[in-house]
Amino acid sequence: MFKGIVRGKIEENILVITMALIVALVFIQGASRFLIGTSISWGSELAIYLHILQVWIGASLAVRSGQHVKIEVFVNLFSRNVQFYLKLLALIVWFAFALFLAVAGSIFVYEIFESAQKTPTMRILLGIPYLAVPLGGTLMTFRLCEQIYFLFKKKSSSDLDSGKGE
């Protein structure tokens, strides 16, 4: 299981399953409106919550694969050594923000669970859909740790290749 998490299969599987569920929900909603003149009352709400989950899980997957938007024109103006430290600084700041999301999101979700608020149509505890925030923040912190590790690994291998590591 841990290898699946490291390789990003968990995120990919969640994204595929939630996309299939959203497509099925939207299709059923449209077909039932057309065929019987009514639709599932909670279908749209569930589709929205699944999409929010997709955004947070997708953000984690984008960290793992290095697909987040970056402006590297500025960074590329500097030497490789300075580039390393600028990239490290960016990852550390991002890590701190993701950790904040995970911690503050967990506190927020706990408070929502404590209030026992329920969603409008599905009538489930509102904290359940909000779990996407701390889950996404936690996965991003894990992925950012990986990125920091890979940055150091790349630096050490480039130092050895250039003869500086000897």
- When the helices in the chain are scored as -39500 (n - 2.57) per DSSP H run of 4 or longer and the sum is shared across all residues, what 222 nm value do you end up with, to the nearest 500 deg cm²/dmol? -27000 deg cm²/dmol
- Rg/Rh ratio calculated on Cα atoms of the chain (Kirkwood radius): 1.12
- Taking R0 as 25 Å, what's the FRET efficiency between residue 52 and residue 90 from their Cβ-Cβ distance, rounded to 0.05? 0.45
- Roughly what angle does helix 80-115 make with the longest principal axis of the chain, taking Cα atoms, 0 to 90 degrees, to the nearest 10? 30 degrees
- Under 19 Å from the residue 38 label point (7 Å along Cα→beta-carbon), backbone N, the range 119-146: 121-123
- Item | Two-site FRET efficiency, residue 80 against residue 149, from Cβ-Cβ distance with R₀ of 25 Å, rounded to 0.05 | 0.85
- Note on the structure: Sites removed, the longest contiguous part of the chain containing no DSSP-loop chymotrypsin sites (Phe, Trp or Tyr not before Pro) with at most 16 other Cβ within 10 Å is 79-166
- Given unit charges at Cβ for Lys, Arg (+) and Asp, Glu (-), the dipole magnitude of the chain about its Cα centre in debye, nearest 20, is 260 debye
- Across the chain, how many lysine pairs, 8 or more apart or on two chains, come within less than 14 Å at their alpha-carbon atoms? 6
- Task: Would you give the gap between the C-alpha center of the range 57-86 and the C-alpha center of the range 90-120, rounded to a whole Å?
- Result: 25 Å
- Could you pull out the GluC sites (Glu not before Pro) across the range 12-83 that fall in loop regions by DSSP (anything but H, G, I, E, B) with no more than 13 other Cβ atoms inside 10 Å? 72
- Each residue of the range 124-140 in order: what ³J(HN,Hα) in whole Hz does its phi give by Karplus 6.51 cos²θ - 1.76 cosθ + 1.60, θ = phi - 60°, with x for Gly and Pro? 9, 4, 4, x, 4, x, 6, 4, 4, 5, x, 5, x, x, 5, 5, 5
- Note on the structure: The set of residues whose placed amide H lies less than 5 Å from the amide H of residue 118, leaving out same-chain residues fewer than 5 positions away, is 126
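A short reminder: the numbers here are calculations on the coordinates, not readings from a lab. All of these numbers come straight from a predicted model, not from anything done at the bench. Reconstructed Cβ throughout: ideal geometry from the backbone, glycine too, with neighbour counts over all protein chains shown.
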